[in-house]
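Step one of this worksheet: look at the structure below.
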Amino acid sequence: MAQSQGWVRRYAKAFCKGFFVAVPVAVTFLDRVACVARVEGASMQPSLNPGGSQSSDVVLLNHWKVRNFEVQRGDIVSLVQQEASVEGPRATFQASKSRKQLSGFLRQAGVRTELEPAPNRKADSAVESRSPARALNKLRSPKNPEQKIIKRVIALEGDIVKTIGHKNRYVKVPRGHIWVEGDHHGHSFDSNSFGPVSLGLLHAHATHILWPPERWQKLESALPPERLPVQREEE
Amino acid sequence: MLRGVLGKTFRLVGYTIQYGCIAHCAFEYVGGVVMCSGPSMEPTIQNSDIVFAENLSRHFYGIQRGDIVIAKSPSDPKSNICKRVIGLEGDKILTNSPSDFFKSHSYVPTGHVWLEGDNLQNSTDSRYYGPIPYGLIRGRIFFKIWPLSDFGFLRDSPNGHRFSDD
């Protein structure tokens, strides 16, 4: 009897020890080195999810590569979603008349979100009422319920980009920001809707498609030639 | 002899990795001790005060108006800023910078927060760069440990008039 109790205790001790080693190491690995995530939505067609809504690719997200916030034009990156902001990060506080109207519109959206149980959806639809053909390309990682979006980097800080459907025809990307777009123009909720994105929201660099097996490939860093920045930052 | 040295090295490396990972998890998900520098949060936090920061309320979306938060700077992701949350999404806020003569209002967009320092005369904050995305917030500061004369929970904002009425 005493012997079996000792065995149980020893087993529990070993289990706890293993648990306290394995969990932090695994979490740190997933946070700092790499993790995998499933891509939802059609906004990155044809690079990701070419089969439409039936297929969903699993990609490898490399955190280690972007630990110093270094990205190149053409890279596919994942970002923490900054929700449906119709305006760019620095736009709202410059009060012009049309922007005031827009912020009034936003406030209505905001008020509604306080009443409705699904704030995100409401906010998205608020944007979609402005441009109905937009679809969010979502990434759902099992560890983190926070939504991520996956997009291609089009321009870095200091570049001037020609926008597609943004309120300004040309935008200079501010310091510490990047311009991201989905490959599927017109069906992507990207910088053309919410403006330049702060690099602090950068999550990882998508390097490979892991699943389904027949689509196993390295994701090339390629910038569409027509989306080259109008003017690069002077070195 | 050689096996002993090798075993010791392996054990050392293993322990280093293990405790490094535990430290990462603690700093990322629970919180830690932070030293604040800069004059923008005076008089609540003086230059080079040491404070406790917790990261739990960020993960559970518990950031409220009036909380002091640490966030990544929107223009430089490697540096952090320490400011007070003045408005959450949908709030109406005063956006006039000190140089402006006229008062102007604006609404914080969805998924963003409006940050301001307590030292309104000497603070680079949302009045300058606009609302910042919620995803940039790292943690919430709530307890000061150094200097000992000011030990305890942090005071409320001295600029109560900056908060929206509704």
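At most 15 other Cβ atoms within 10 Å and a DSSP loop assignment: could you name the trypsin sites (Lys or Arg not before Pro) in the stretch A:200-235 that fit? Walk me through the numbers before you get to the answer.
Details: sites: A:Arg215, A:Lys218, A:Arg227, A:Arg232; in loops: A:Arg232.
Filter output for the stretch A:200-235: A:Arg232.
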Top of B:Gly87, B:Gly111, B:Gly66 by mean-square fluctuation, Gaussian network on chain B, Cα under 10 Å: B:Gly111
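Report the local net charge at B:Ser57: Lys and Arg +1, Asp and Glu -1, summed over other residues whose C-beta lies under 12 Å from its C-beta. Show your work: numbers first, answer last.
On the way: positive: B:Arg58, B:Arg138, B:Arg140; negative: B:Glu54, B:Asp67.
Taking every other residue near B:Ser57 into account, the sum is +1.
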For the stretch A:176-190, 3J(HN,Hα) per residue [Karplus equation, 6.51 cos²θ - 1.76 cosθ + 1.60, θ = phi - 60°, Hz, x = Gly/Pro]: x, 10, 10, 10, 10, 9, x, 6, 8, 4, x, 10, 10, 9, 9
Neighbour net charge for A:His63 - beta-carbon separation under 9 angstrom, K R +1, D E -1: +2
Cβ neighbours within 10 Å from other chains - mean over A:209-219: 0
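Would you mind checking the pairs A:Lys148/B:Lys78; A:Lys148/A:Lys172; A:Lys17/B:Lys83; A:Lys167/A:Lys218; B:Lys103/B:Lys144 and listing those with alpha carbons more than 29 angstrom apart?
Working: A:Lys148/B:Lys78 20 Å; A:Lys148/A:Lys172 25 Å; A:Lys17/B:Lys83 40 Å; A:Lys167/A:Lys218 35 Å; B:Lys103/B:Lys144 34 Å.
Correct reply: A:Lys17/B:Lys83; A:Lys167/A:Lys218; B:Lys103/B:Lys144.
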Radius of gyration and maximum dimension Dmax of the stretch B:1-154, Cα, Å: 19.9, 80
Chymotrypsin sites (Phe, Trp or Tyr not before Pro) restricted to DSSP loop in the stretch B:85-164 with at most 13 other C-beta within 10 Å: B:Phe101, B:Phe102, B:Phe151
Relative contact order [Cα under 8 Å, 6+ residues apart], the stretch B:1-165, whole percent: 24 percent
In degrees, nearest ten, helix B:2-25 long axis to first principal axis of chain B (Cα): 20 degrees
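Just so you know, all these numbers are worked out from the coordinates, no wet-lab data involved. Given the structure is predicted, the values throughout are model-derived calculations rather than measurements. Reconstructed Cβ throughout: ideal geometry from the backbone, glycine too, with neighbour counts over all protein chains shown.
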